[in-house]
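Quick one: structure below, then a few questions.
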Amino acid sequence: MVSPSPTPQGEQTDTQLAPNGRLRHLLTLSGLSRELLSSLLDAAQSYLADPGVLPIRSRALEGRTVGNLFFEPSTRTRASFDLAGRRLGADVLNLDVNTSSRKKGESILDTIYTLQAMAVDIMVVRDASAGVPAYIARHVDDHVSVMNAGEADISHPTQGLLDLLTIRQHKGGFDKLTVTIVGDIQHSRVARSAAEGLMTLGVGELRFVSPPAFAPDPALVPGARILDDLDEGLADADVVMALRIQRERIGNLDGIPGIDEYFARYGLSHRRMQKAKPDAIVMHPGPMNRGVEIESSLADSEHSVITEQVRNGVAVRMAVLEHVHNTLHGT
Ligand code: CP
């Protein structure tokens, strides 16, 4: 059997687009046009209701089935794809991986073919191995779509979209903004997808701040400034995003600073945020480690838009589910 392997970004773009330029799958934000990203953000915005008001629903996916296949832990992404599918009228299957036949050695493709035979129309996949979503996308039937719900340290496109939407809601646009992302950049799929989306939408300046051991490969984030001094990275920033240390993707934990030292040098706090613009927003994709990469009271402060990111996540996933459905079933 052919095994999944990292797929070059260009090939992922070819795989995920239909001949008319619409998304057939969502594998990566890399290579998507500014117009397509903006139209997905507009669609997501239309699915947002005020807090406390009943969520917006539609029947766009009535009769279809969305399968959630999370081979890595998740709270936000899995729950929001589940709610997004239901609010569009779809049936949603949440496969319990810990009790699935993958534990008995079944291959990922055999699992996919099994669900395909049960008329699952959209496979939402999270996996720790690079290349799995694209690999599945190349093997499913023509009427099936694949959503990347988090792929190794490579890509998390719906997280990128919800981050873009949150920034746009607060700042209006991107071209005059300085966006600073601080933390374990090297192992972060969130940082990669945010960078891809922000660069396409023409962000003014993108800065990555991390200990040298967590710095990104400059070739993977062209145009970004890579720094190891947090005060320099925060100077006059409009948007600041903190990332946790992704211990599950770090083979050798030796050399990682202790919590107190890490927080002192790279933790976001009210004091450090004084370097940023007074109206700067604070973001975090979650899950948060309070007191490690972010001061607990800052995460709950008026600067924080973290719960808005979560709220936007449902709307973004509704928008992309409806988009790929319409690509294949034509409205
Ligand atoms: N941001 C994010 O992907 O969170 P989960 O791991 O909880 O889905």
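Count neighbours as other Cβ atoms within 10 Å of each site's Cβ, and list the trypsin sites (Lys or Arg not before Pro) in segment 133-199 that are DSSP loop with at most 14 such neighbours.
Taking segment 133-199 and a limit of 14 other Cβ atoms within 10 Å, the loop trypsin sites (Lys or Arg not before Pro) found are K176.
Further, regarding this structure: Summarise the long-distance tail of P(r) for segment 157-309 by giving the % of C-alpha pairs beyond 29 Å.
Everything past 29 Å amounts to 7 percent.
Another one. Please work out the Kirkwood hydrodynamic radius for the chain, using every pair of different C-alpha atoms, and report it in angstroms with one decimal place.
20.2 Å
Using every pair of alpha-carbon atoms in segment 276-331, split the distances into 5 Å bins beginning at 0 and state the percent of pairs per bin, rounded to integers.
Distribution as computed: 4, 16, 19, 16, 13, 9, 8, 7, 5, 2 percent.
Where does each of E302, E295 land when they are ordered by accessible area, with a 1.4 Å probe and the largest first?
The ranking, largest first, comes out as E302, E295.
With the other protein chains left in place, how much accessible area per residue, in square angstrom, belongs to the chain at a 1.4 angstrom probe?
42 Å²
If the reach is capped at under 29 angstrom between alpha carbons, list the lysines near K171, excluding any in the same chain fewer than eight residues apart.
Counting by Cα, and skipping residues close in sequence, K171 has these lysines nearby: K275, K277.
Express the C-alpha Rg of segment 195-260 as a ratio against the empirical globular expectation 2.2 N^0.38 Å, rounded to two decimals.
1.23
If I stretch the segment between S107 and T13 completely, what's the gain in nm (0.36 nm per residue apart, minus their alpha carbon distance), one decimal?
Here the answer is 31.3 nm.
How much of the accessible area of segment 18-109, in percent, comes from carbon and sulfur atoms when a 1.4 Å probe is used?
For segment 18-109, the apolar C and S fraction of the accessible surface comes to 48 percent.
Please report the Cα spread of segment 17-117 along all three principal axes, rounded to whole Å, starting with the longest.
Extents along the principal axes, in whole Å: 43, 38, 27.
Under the classification rounded if a/c is under 1.5, otherwise prolate if a/b is larger than b/c and oblate if not, where does segment 143-211 fall, given a ≥ b ≥ c as square roots of the Cα gyration tensor eigenvalues?
It is oblate, given that a/c is not under 1.5 and a/b is not larger than b/c.
Using θ = phi - 60° and the Karplus curve 6.51 cos²θ - 1.76 cosθ + 1.60, what whole-Hz ³J(HN,Hα) does each residue of segment 83-100 get, with Gly and Pro shown as x?
Result, ordered by residue: 5, 4, x, 5, 6, 9, x, 7, 7, 10, 9, 9, 6, 7, 4, 5, 10, 8 Hz.
Where the accessible area of segment 157-309 is counted over protein heavy atoms with a 1.4 Å probe, how much of it, in %, is carbon and sulfur?
49 percent
Given the rule -39500 (n - 2.57) for each run of at least 4 DSSP H residues, summed and divided by the residues of the chain, what is its mean residue ellipticity at 222 nm, to the nearest 500 deg cm²/dmol? Walk me through the intermediate numbers first.
Numbers: 12 runs with 123 residues, N = 331.
Counting only the DSSP helices, I get -11000 deg cm²/dmol.
Write down the percent of antiparallel bridges among all DSSP beta bridges whose residues are both part of the chain, to the nearest 5. Show your work: numbers first, answer last.
Details: 2 of 36 bridges.
Beta bridges within the chain, antiparallel portion: roughly 5 percent.
To the nearest 10 square angstrom, how much accessible area does T200 have with a 1.4 angstrom probe?
Counting only protein heavy atoms, T200 exposes about 40 Å² to solvent.
Here's another thing I want to ask about it. Roughly how much of S39 is accessible, in Å² to the nearest 10, using a 1.4 Å probe?
Spelled out: S39, probe radius 1.4 Å, area about 50 Å².
If you don't mind, there's one more thing I want to ask. Which Rg and Dmax, in Å, describe the Cα atoms of segment 219-331?
Rg, Dmax (Cα atoms, Å): 17.4, 55.
The values are calculated or read from the model by the stated rules, or taken from the named source; none is laboratory data. All values reported here derive from a predicted model rather than from experimental measurement. Virtual Cβ from ideal backbone geometry, glycine too; neighbours counted across all protein chains shown. Just the protein is used for accessible areas: all its heavy atoms, side chains included, with ligands, DNA and RNA removed. Shrake-Rupley method; radii C 1.70, N 1.55, O 1.52, S 1.80 Å.
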